[in-house]
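The values are calculated or read from the model by the stated rules, or taken from the named source; none is laboratory data. Because the structure is predicted, anything quoted here is derived from the model rather than measured. Here the Cβ positions follow ideal geometry from the backbone for every residue, glycine too, while neighbour counts run over all protein chains shown. Heavy atoms of the whole protein, side chains included, go into the accessibility calculation; ligands, DNA and RNA do not. Shrake-Rupley method; radii C 1.70, N 1.55, O 1.52, S 1.80 Å.
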Amino acid sequence: MKILELSVGGYKNLRKTKIQFGKSQITAIIAPNNFGKSNLLEGLKFAYDFIHSSAEVRAVMMGNLWAIPINKFLEEENFYFEVVFENINGSTKSLIEYSFEFAWKKNMEFQGSKILSESLRVKEEGRAKNKFKAYLIRNSIRSEYQSSPSGRCDTQVRVNSTDLIIDKMRMMDTLFYGHLIDEIYNLNFTLPDFMEAEGSTNIFIGYDDNDGRKNFAQFIYNLRDRENHLYELFINSLIDLIPNIESITPSEFDLKIDPKPNDSNGIPFSRPEKIFDLRIKERNNNQSTGVRFLSKGTRRIIMILASTIEAVERGHSFIAFEELEDSIHPHLLQRLLMILKGLAPDVQILISSHSPYLVQYLPIECVYFGLPNDSGIAGFSKIKLSKHKTIMRIASELDLNLGDYLFDLMSDITPDEKFQAEYFDSQV
Amino acid sequence: MGDKRLIVLFVEGETEEVFYKYLLDHWRQIGGVSIIETKIINLHGIGNYAKKSVSKYKGEICRDYPNCKHEIFLAYDTDVFELAQKPPVDWVKVEKELKTSGAVSVTHLKAEKMIEDWLIFDLDGICSALKIKKPGKLDAISGHEKMKKLFKNANRVYQKGFSMKDFIPKLSMQKITTGVYTTLSCLKDSLYPKE
């Protein structure tokens with residue numbers, strides 16, 4: 001499964017925005033501070049969580065005070081999410097487009113907190129009429145799905161205002177496109193939060209079957225036995241990026257070994273208590289040290305790599321990094337991009353960035369810009385295909401790298417609708 | 001400017017820097033020490049290649065070798081690497097500026113496609129350095145793609161411009177130079193002029 005497009009809107013100050021993933025696998029969004037880059041990433045995470053939540057939790061989510069748009073130009077905007085992905089089933093390759101829309105909670109209770117629309121359309125490659133075919137339609141008038149390969153999308157289904165129709169379809173064992181519904185639920189998303197990075201190993205990535213949240217050292221420790229190929233990739237990539245590191249040894253410390261508790265005899269369950277760390281030997285040190293003694297940048301690189309490997313292991317289709325370049329020397333950025341692509345060849349990577357040094361390495365068609373406007377609304381656009389050569393030529397003439405020129409361009413443009421219309425694609 | 005010649009080789013990355021260093025060593029071993037001094041300058045970094053080449057030429061070469069004739073070789077790939085610095089270097093513009101700044105000649109040493117297409121001529125050496133078995137068949141169009149596959153077999157991610165620098169000393173320059181004899185001959189002819 002490969003994600004080709006994601007659209008999200010009506011989240012905080014974000015208007016409907018479509019991100020198309022190109023061949024390059026890494027896509028960047030750039031914008032000034034306080035524009036709405038984080039809102040785009042959060043909005044996507046919110047949508048994934050919404051799909052995976054129960055009807056009761058969805059009802060709460062539709063009243064999320066942090067997410068409901070309060071920008072006066074967006075106050076009536078519904079939340080919207082759409083994903084387009086490629087599915088290969090045997091010899092059949094299909095494009096799947098799934099979307100839903102809901103109204104946020106309103107002061108008048110009957111007006112909000114309800115799912116308004118939902119759609120599933122499929123286009124099979126190689127068919128005579130290569131068009132999207134509706135498998136599911138839901139709007140204010142009808143809620144219907146296609147129940148047999150030869151039928152039409154006209155079988156009615158009863159759903160309440162917080163149910164997604166795919167919840168019901170997932171329960172239908174014989175549905176001929178049940179595997180596509182499963183794929184929608186399998187569309188998982190990793191948005192690592194490195195805000196805790198100052199707290200050494202106490203950084204959590206994902207979940208562990210036994211312990212609930214697990215920190216990245218624990219993840220790496222377990223990975224060694226579980227997926228040695230991925231473990232080796234992690235270790236080799238880290239040493240390639242930070243050659244000063246000679247060796248990395250994941251370690252487990254059992255707090256119940258010494259001193260051995262004397263009250264454990266005869267109890268039905270002895271709760272394990274273990275601490276995990278990575279023991280790092282640096283070239284010029286006379287001893288190994290724990291992760292907390294590493295520099296902030298090295299810790300961040302470790303967490304970026306671990307999060308990426310975790311996304312791969314869990315079969316996630318999409319990972320996003322906020323300001324990937326934070327605490328990382330510009331000289332390493334090109335290598336980090338190469339490593340991320342190599343580690344996760346089937347995962348789409350979306351990054352937000354304030355670094356011209358990073359953006360200069362990306363194909364221009366993979367960069368989305370937050371365009372200034374007077375309304376405080378966030379939306380992201382790409383440079384028009386017809387302007388790519390012009391942009392490259394001007395950057396070259398000015399002896400600027402692409403990143404410098406693009407950031408310069410952004411800082412120059414006060415809301416200039418004519419300029420934006422000339423150079424940027426119109427959004428959704 | 002005196003009659004003494006200096007060959008300056010501008011390269012684009014760490015792999016290229018090490019490659020040309022070992023290539024020159026290889027030629028020294030088989031053909032003796034060239035009477036012509038050679039400088040290799042790696043332009044890779046976070047800044048603008050084109051600007052840096054002219055600035056390094058003026059700032060380092062002209063300052064340190066004021067009495068030499070500067071013959072410049074610009075070594076680069078002709079294929080576009082997706083994550084390369086953008087915009088691509090305008091080598092014609094660089095040539096013009098170097099000549100304006102005093103270089104007596106500027107020669108373009110272009111790797112057809114990428115330098116990986118050269119290095120892969122010693123597939124045995126690469127597999128040995130990576131400690132992997134030589135694959136029976138390498139289904140990939142370019143040397144770069146082949147290199148990515150070989151590194152993947154060794155549980156590593158290939159990083160263009162960086163990954164091969166430690167391996168090049170272990171490769172057979174004889175095999176590589178035989179494979180790309182024509183491209184490299186202009187450099188060799190300059191270093192070892194025929195009487």
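Annotations for the structure displayed:
- Listed cross-link partners A:Lys72/A:Lys168; A:Lys341/B:Lys137; B:Lys56/B:Lys194; A:Lys2/B:Lys148; A:Lys23/A:Lys387; A:Lys123/A:Lys389 are compared with a 26 Å cut-off, the Cα-Cα value being larger for A:Lys72/A:Lys168; B:Lys56/B:Lys194; A:Lys123/A:Lys389.
- The relative contact order of chain B comes to 27 percent, based on Cα pairs under 8 Å that sit 6 or more residues apart.
- Normalised contact order of chain A, rounded percent, pairs of Cα under 8 Å and 6 or more residues apart: 19 percent
- Listing of the stretch B:45-90 residues, each with accessible area lower by at least 30 Å² in the full protein assembly than in the chain alone (probe 1.4 Å): B:Ile46, B:Asn48, B:Lys51, B:Glu82, B:Leu83, B:Gln85, B:Lys86, B:Pro87
- 3J(HN,Hα) along the stretch A:84-97, derived from phi through the Karplus expression 6.51 cos²θ - 1.76 cosθ + 1.60 where θ = phi - 60°, amounts to 10, 9, 9, 10, 10, 10, x, 9, 9, 10, 10, 9, 10, 10 Hz, with x in place of Gly and Pro.
- Note on B:Thr107 and A:Met392: their simple-model spin labels are 2.9 nm apart, each label 7 Å out from Cα toward Cβ.
- Average beta-carbon neighbours from other chains, 10 Å sphere, peptide A:361-368: 2
- In the A-B interface, the accessible area buried, summed over both sides, Å² (probe 1.4 Å): 2600 Å²
- Listed residues A:Ser161, A:Met171, A:Ile184: farthest to the positive end of the dipole of the stretch A:139-191 (Cβ charges): A:Ser161
- Amide H contacts for A:Ser327 (H built 1.01 Å from N in the peptide plane; partners 5 or more residues away or on another chain; cut-off under 5 Å): none found.
- Interface residues of the stretch A:393-409, defined as those with an accessible-area decrease of at least 30 Å² between the chain by itself and the complete set of protein chains (probe 1.4 Å), are A:Ser396, A:Asp399, A:Asn401.
- Taking label points 7 Å from Cα along the Cα-to-Cβ direction, B:Asp25 and B:Asp189 give a separation of 2.8 nm.
- Residue-wise HN-Hα coupling along the stretch A:322-334, computed from phi with Karplus coefficients 6.51, -1.76, 1.60 (Hz; x: Gly, Pro): 7, 6, 3, 7, 3, 6, 10, 5, x, 4, 8, 5, 4
- Net charge, A:Lys37 excluded, C-beta distance under 10 Å - Lys, Arg +1, Asp, Glu -1: -3
- Å³ per residue enclosed by the Cα convex hull of chain A: 196 Å³
- If you plug the beta carbon distance of A:Gln111 and A:Leu4 into 1/(1 + (r/R0)^6) with R0 = 45 Å, you get a FRET efficiency near 0.85.
- Whole-angstrom gap from the stretch A:297-327 to the stretch B:1-52, using each part's C-alpha centre: 38 Å
- Each residue of the stretch A:303-309 was assigned a 3J(HN,Hα) from its phi angle through the Karplus expression (A = 6.51, B = -1.76, C = 1.60, θ = phi - 60°), giving 6, 4, 5, 5, 5, 5, 4 Hz with x at Gly and Pro.
- The mean accessible area for residues of chain B, using a 1.4 Å probe and ignoring ligands and nucleic acids, is 48 Å² per residue.
- Carbon and sulfur %, accessible surface of the protein assembly as shown computed with the full protein complex present, 1.4 Å: 48 percent
- Residues losing 50 Å² or more accessible surface upon assembly, the stretch B:137-185, compared with the chain by itself, 1.4 Å: B:Asn155, B:Arg156, B:Val157, B:Gln159, B:Phe162
- Taking amide H positions as modeled 1.01 Å from N, with prolines and chain starts lacking one, the residues under 5 Å from A:Phe424 and 5 or more places away or on another chain are A:Lys384.
- If you take the Cα centroid of the stretch A:69-137 and the Cα centroid of the stretch B:92-164, the two points sit 45 Å apart.
- For A:Lys93, the residues whose amide H sits under 5 Å from its own are A:Glu125, ignoring neighbours fewer than 5 places away on the same chain, with H placed 1.01 Å from N.
- Applying 1/(1 + (r/R0)^6) with r as the Cβ-Cβ distance of A:Val157 and A:Leu385 and R0 = 51 angstrom yields a FRET efficiency of 0.80.
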